[in-house]
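Step one of this worksheet: look at the structure below.
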Amino acid sequence: MVFRAVRNDVLRSKAITLITTLFVAAATMLVALAAVLVVNLAGAIDTMMTRAKTPHFMQMHAGDLDRARLAAFVRQNEDVAEFQVLEFLNLDGSQFVFGGGSLAGSVQDNGLSVQSERFDFLLDLDGNVIHAADGHIYVPITYVQDGTARVGDTVSVAGMPMAIAGPLRDSQMQPLLSSSKRFLVSSNDFAALERFGSVEYLIEFRLHDLAALGAFGTAYVAAGLEANGPTITYPFFRVINGLSDGLMIAVILLISVLVIAIAFSCIRFTLLAKIEDDYREIGVMKAIGMRVSDIKRIYLAKYAAIAAVGSLVGYGLSFFLQEPLLANIRLYMGESEGASLAPVLGLIGVVLVFLAISAFVHAALGRFHRIPAAEAIRFGASQEAPSASRRFRLSANHRLGANTFLGLKDVLVRRKLFSTMLVVLVLTAFIIIMPRSLHNTIASKSFITYMGVGDIDLRIDVQQTDGISAKTAEIAASLERDGAVSRFVVLTTKALEALSSDGSKVRIVVELGDHSVFPLTYSAGRAPTTDHDIALSALSAAELGKKVGDVVPVMVEGQARDLTVSGIYSDVTNGGKTAKAALADDGADTMWSAVGVELSDATLVGEKAREYASRFSFAKVSSMDDFVAQTYGPTISAVGTASFASTGVALIITALITLLFMRMLIAKDRTTIAVLKSIGFTNADIKTQYVVRSVSVLALGVLLGTVLANTLGESLAGAVIAMFGATSFAFVVNPLEAYLIAPALMALSVLLASVFGTLDAGKIQVSESIRE
Amino acid sequence: MGKIIVADNIVKSFGVGRERRNVLDGVSVDIDEGEFVAIMGPSGSGKTTLLFALSGMDTVDAGSVVFDGVELSRLSDDALADVRRRKMGFVFQQPTLLRNLNVLDNIILPSVRDGRKDAGRISEKARALMKMTGIEELETRGVSQASGGQLQRVGICRALMGDPKVIFGDEPTGALNSTSANEIMALLADVHHTGTTMVLVTHDVRVATKAERVLFIFDGKIAGAHVAGRCDASREDLRAREGALVGWLTEKGF
């Protein structure tokens, strides 16, 4: 009997059942995909980092190196399992000439390495350790992927032609957010090319136990070892390796939550409508002594069937869709060793969605207990009339037309039913506005100020060279005379020792200079202004256990000076552990210096960048637009594409749901429509009433969706952006998009769907419906 | 007196293929302005179909229906809706009221369709009709709070709001007890006395007794007409008319 009831019901409402099943399928597919991607990404990163034997602690260092002192430190430190010093030969981008151009415009520090012997291996695409032959070069996979290099072609490195033998995976420098890229050559070629660049050392350690990382870092600083460069640790490598795919997974998860909510809304709507339709029958069933649980079973069976079919279809679809989504992870990180677990976890996700739907339907059917049999049999409908709508009377209304009144009144009376449509429209408005605002935010010029960089036009870096101070002074003097420069600031980076809250010494990379010229956006506090101020990056503040207003003792010119934390900012550069201060310390070695330049005419950026690059051949000149484009460009463009895709999806969902709701309402309201027609209401009148229903719900939906996108959406986007290191930010909302174009597109979608959805209203024959 | 409805040889069939059958099979009817016509016949004879055809609620497959000088089949849906709103009133067996609206709002609904300019006058008129039909205390009540007889009165008030030329009724007392049915019929007779044409489908001889002419329909054809003339509503007159009608119907095998 239950099977027959379900079959008849499905046959009677084919379109509605199909759309509901589709949403369930989409929801389960996304959940399964997210599960599969999470497992694969985490597994692939682990596999790659295990095979590459990524260092647990790496100290970059430019300058002289005392290997004997390092070896002595290692002998005394029980935490160290393995230790090595690798050489990274920094070459100017212009020294790499490919068929299609050079790397002169690259903001990355490109350089050569040889394969290491103990750990930190560079791998081929099969995860094997590469051994480069003489005359062969392996290039970072990013350059193969973006078309800069083609396997089999020749690249000229500082004039030496080398055959591109293949792409390489680099477990620590691969992500775009890592500012260096390693090319792999043979030892002979490395030796031959050494004179064309400057060598930077990668002092690397693997520990017996990763948990000892903190203590080891403190011991390294305390030993006063080589430290002219950033320090990067294993957890940080892991984070930046997972960042871009993690972002994709976060977006999929977010969308799957929304689609699940939409699927639930669909189910709730159809269920409520069905209960309203069957009100009298439910009363009769109760009256003849059927138990509520028996009646519920009939309804539950239909939705369990929808949920089961939808879940199976969704799970099946996830297998087709996971391939393209996994391609990126596979390419950059390889196969995950735990990949066989992924389908199981996906299935668990699907089963959870199925159970959640069943539980939801079960709970929604709880209202059967509250249906009085006598009332249901007598009236065939619930007699609850919300008091608010009772006061909204046609006779007391002197402004609205009859059609507008009837539409609005119905929304008020059946608000439980329409609240479902409202939820969907709020969510779709959210799906449109939130990603657009996220894209506008990260694409805006000011966003870079959240990432530890001021809003400048050009940046001139002087690093890995002798006489950094003199060379920087030369640049400053030249800029002083340059009429095209409106402002510039010299920032010198030095490594200083600080005392953390627990008394241990911590080495921090401090950028000294006037930070008020091109201020950052501080997540708390302000820029350092006096020589007793210091601003800390979020990671430094966490490591030191400090907040704004706290005092940090820092060794300045050989003496401890109490500096007050003036502000905390986000930074993902140089391992994330940086600081900024306005004090001067002539004692400490300069690690590098950077000159931030603002031009009076921003259109001159390209021209000036070329001019400075040729005039100051020892420096690296980059335009900030190029820096942003190369570092964050792919992410910004991916978010941009995702935001357009989500707008499209949201509009389709809006149209589909409106169509579904309108068709259901028309089917439900046949008698009412017939009554209206019998007393002289035209088809156009009826259509208008339904459009009023959908547009009024839409207006409220867009309003709430916009508010939600700018509040909850901002927090959610904040969580995503926090993955990039920015701890706080304000949404950049494009009012034209958020308040005009998005609502207009949704309105168009709702209007078209309402008009199509109410076409059947015209076909309703008064004679047939009234006779029934 | 002119003809308000002229139906000529109308045919209406339902079903498909071999199952298709003519529910109305060449029916011709003329109804005078101000006349009270009852349509009687056994179940399935085509009474309600004829009523819906005469009122333009349903289309006909052949033949024509001219209402107040206009052939209904030539009108668009919207024009037909305008005719229904301005010239016709309907009273059905079950009260066809909107549950969302209270009693007063249900009554004024067709009138406010044309705009809110006369809102005050419309409400006043509705209240007057409610008083006339004895349901003035229901004004702000929901339709679920009224009895079947009261709801039928609400339906009659709504039908009268547009000062219709014709009131069509499909078993208007069919769902009521005898007291309520008598009250409703008295009300409809009063309306007819103001000059409104009445066309009612009924099973009930006592209802048909009040009609000036009774059409008997059988198997989709008009099988005869019983002309009783104007009813003065006196007890003797009603008794005499009922006796004559019952005799005629018995002759027809009803």
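The criterion of at least 3 residues that are of a type in the set (D, E, K, R) is met, among strands (runs of 3 or more DSSP E) falling completely within the range A:437-514, by A:485-499, A:505-512. Only residues that are in a helix (DSSP H, G or I), under 30 Å from B:Phe14 (Cβ atoms) and either touching a residue at least 12 places away in the same chain (Cβ under 8 Å) or of a type in the set (Phe, Trp, Tyr) (or both) were counted in the range B:196-254, giving 6. Of the residues making up the range A:716-741, those that are at pLDDT below 80 and hydroxyl-bearing (Ser, Thr, Tyr) are A:Thr727, A:Ser728. Within the range B:122-134, residues that are within 12 Å of B:Leu187 (Cα to Cα) and in a helix (DSSP H, G or I) have Cβ atoms under 6 Å from residues that are aliphatic (A, V, I, L, M) and modelled with pLDDT under 90 in these pairs: B:Leu129/B:Leu160, counting only partners at least 6 apart in sequence or on another chain.
Have a look at A:Val453, A:Val510, A:Val517 and point out the one that is touching a strand residue (DSSP E or B) at 6+ places or on another chain (Cβ under 7 Å), within 30 Å of A:Ala717 (Cα to Cα) and buried (at least 20 other Cβ atoms within 10 Å of the Cβ).
Of A:Val453, A:Val510, A:Val517, the one residue that is touching a strand residue (DSSP E or B) at 6+ places or on another chain (Cβ under 7 Å), within 30 Å of A:Ala717 (Cα to Cα) and buried (at least 20 other Cβ atoms within 10 Å of the Cβ) is A:Val510.
Residues that are outside any loop (DSSP other than H, G, I, E, B) and facing another protein chain (nearest Cβ under 8 Å) were ranked within the range A:378-402; the one that is modelled with the highest pLDDT is A:Ala402. Within the range A:667-685, being within 11 Å of chain B (Cβ to nearest Cβ) and under 45 Å from the mean Cα position of the chain (by Cα) holds for one residue alone: A:Asp669. Among the residues of the range A:675-690, the ones that are buried (at least 22 other Cβ atoms within 10 Å of the Cβ) and either of a type in the set (A, V, I, L, M) or touching a Cys at 6+ places or on another chain (Cβ under 8 Å) (or both) come to 4 in all. Every condition in (1) of a type in the set (A, V, I, L, M, F, W, C); (2) within 28 Å of B:Glu33 (Cα to Cα); (3) within 9 Å of another protein chain (Cβ to nearest Cβ) holds for B:Ile167 except the one numbered (3).
Out of A:Ala609, A:Ala709, one residue alone is under 30 Å from A:Val462 (Cβ atoms), buried (at least 16 other Cβ atoms within 10 Å of the Cβ) and in contact (Cβ under 8 Å) with a residue 60 or more places away in the chain. It is A:Ala609. Screening B:Gly89 against (1) surrounded by 15 or more Cβ atoms within 10 Å (Cβ to Cβ); (2) more than 11 Å from chain A (Cβ to nearest Cβ) leaves a single unmet condition, (2). Candidates A:Phe237, A:Phe190, A:Phe196: the one that is aromatic (Phe, Trp, Tyr) and crowded, with 20+ Cβ neighbours inside 10 Å is A:Phe237.
Inclusion of A:Ser94 among residues that are out of contact with any helix residue (DSSP H, G or I) (no Cβ under 8 Å at 6 or more places or on another chain), modelled with pLDDT under 90 and within 23 Å of A:Asp46 (Cα to Cα) is not warranted. Of the residues in the range B:152-159, at least one is more than 13 Å from chain A (Cβ to nearest Cβ) and buried (at least 23 other Cβ atoms within 10 Å of the Cβ). Would it be correct to say that A:Ala535 is surrounded by 20 or more Cβ atoms within 10 Å (Cβ to Cβ), more than 31 Å from the chain's Cα centre (by Cα) and part of a strand (DSSP E or B)? Considered against the rule, which asks whether it is surrounded by 20 or more Cβ atoms within 10 Å (Cβ to Cβ), more than 31 Å from the chain's Cα centre (by Cα) and part of a strand (DSSP E or B), A:Ala535 comes out as no.
Quick check on this structure: which one of B:Asp68, B:Asp32 is in contact (Cβ under 8 Å) with a residue 24 or more places away in the chain, surrounded by 14 or more Cβ atoms within 10 Å (Cβ to Cβ) and over 17 Å from B:Val214 (Cβ atoms)? Just a single option satisfies the conditions, and that option is B:Asp68.
Restricting the range B:92-107 to residues that are farther than 26 Å from B:Gly34 by Cβ and modelled with pLDDT of 85 or more, the residue that is surrounded by the most Cβ atoms within 10 Å (Cβ to Cβ) is B:Asp105. Per the conditions (1) more than 8 Å from chain A (Cβ to nearest Cβ); (2) in a helix (DSSP H, G or I); (3) touching a residue at least 40 places away in the same chain (Cβ under 8 Å), the sole criterion not satisfied by B:Gln94 is (2). Screening B:Asn182 with (1) in a helix (DSSP H, G or I); (2) free of Cβ contacts under 8 Å to residues at least 40 places away in the same chain; (3) under 14 Å from B:Gln94 (Cα atoms) gives one miss only, at (3).
Going residue by residue through the range B:64-75, is there one that turns out to be more than 12 Å from chain A (Cβ to nearest Cβ), part of a helix (DSSP H, G or I), touching a helix residue (DSSP H, G or I) at 6+ places or on another chain (Cβ under 8 Å) and within 28 Å of B:Val23 (Cβ to Cβ)?
The answer is yes, given that some residue of the range B:64-75 is more than 12 Å from chain A (Cβ to nearest Cβ), part of a helix (DSSP H, G or I), touching a helix residue (DSSP H, G or I) at 6+ places or on another chain (Cβ under 8 Å) and within 28 Å of B:Val23 (Cβ to Cβ).
Note on the range B:108-121: residues that are in a helix (DSSP H, G or I) and either within 8 Å of chain A (Cβ to nearest Cβ) or surrounded by 18 or more Cβ atoms within 10 Å (Cβ to Cβ) (or both) amount to 6. Quick test of your reading of the structure: B:Gly44 fulfils all but one of (1) within 15 Å of B:Ala225 (Cβ to Cβ); (2) in a loop (DSSP other than H, G, I, E, B). Name the failing condition by number. Of everything listed in (1) within 15 Å of B:Ala225 (Cβ to Cβ); (2) in a loop (DSSP other than H, G, I, E, B), B:Gly44 misses just condition (1). Considering the range A:403-432, the residues that are assigned to a helix (DSSP H, G or I) and free of Cβ contacts under 8 Å to residues at least 24 places away in the same chain include one that is farthest from the other protein chains (Cβ to nearest Cβ), namely A:Ser419.
It is to be established whether one or more residues within the range B:135-146 are more than 11 Å from every other protein chain (Cβ to nearest Cβ) and either of a type in the set (D, E, K, R) or closer than 23 Å to A:Glu768 by Cα (or both). Within the range B:135-146, one or more residues are more than 11 Å from every other protein chain (Cβ to nearest Cβ) and either of a type in the set (D, E, K, R) or closer than 23 Å to A:Glu768 by Cα (or both).
Restricted to the range A:653-695, and to residues that are of a type in the set (Val, Ile, Thr) and free of Cβ contacts under 8 Å to residues at least 12 places away in the same chain, which residue is nearest to A:Ala261 (Cα to Cα)? Break it down stepwise before answering.
First pass over the range A:653-695, keeping only residues of a type in the set (Val, Ile, Thr): A:653-654, A:657-658, A:666, A:671-673, A:675, A:679, A:682, A:686, A:688, A:691-692, A:695.
Those still in the list that are free of Cβ contacts under 8 Å to residues at least 12 places away in the same chain too: A:672, A:679, A:682.
On the way: A:Thr672: 31, A:Ile679: 40, A:Thr682: 37 Å.
Checking each candidate, the answer is A:Thr672.
The values are calculated or read from the model by the stated rules, or taken from the named source; none is laboratory data. What you are looking at is a predicted structure, and each value in this text was computed from that prediction instead of being measured. Glycine gets a Cβ as well: all are built from the backbone with ideal geometry, and neighbour counts include every protein chain shown.
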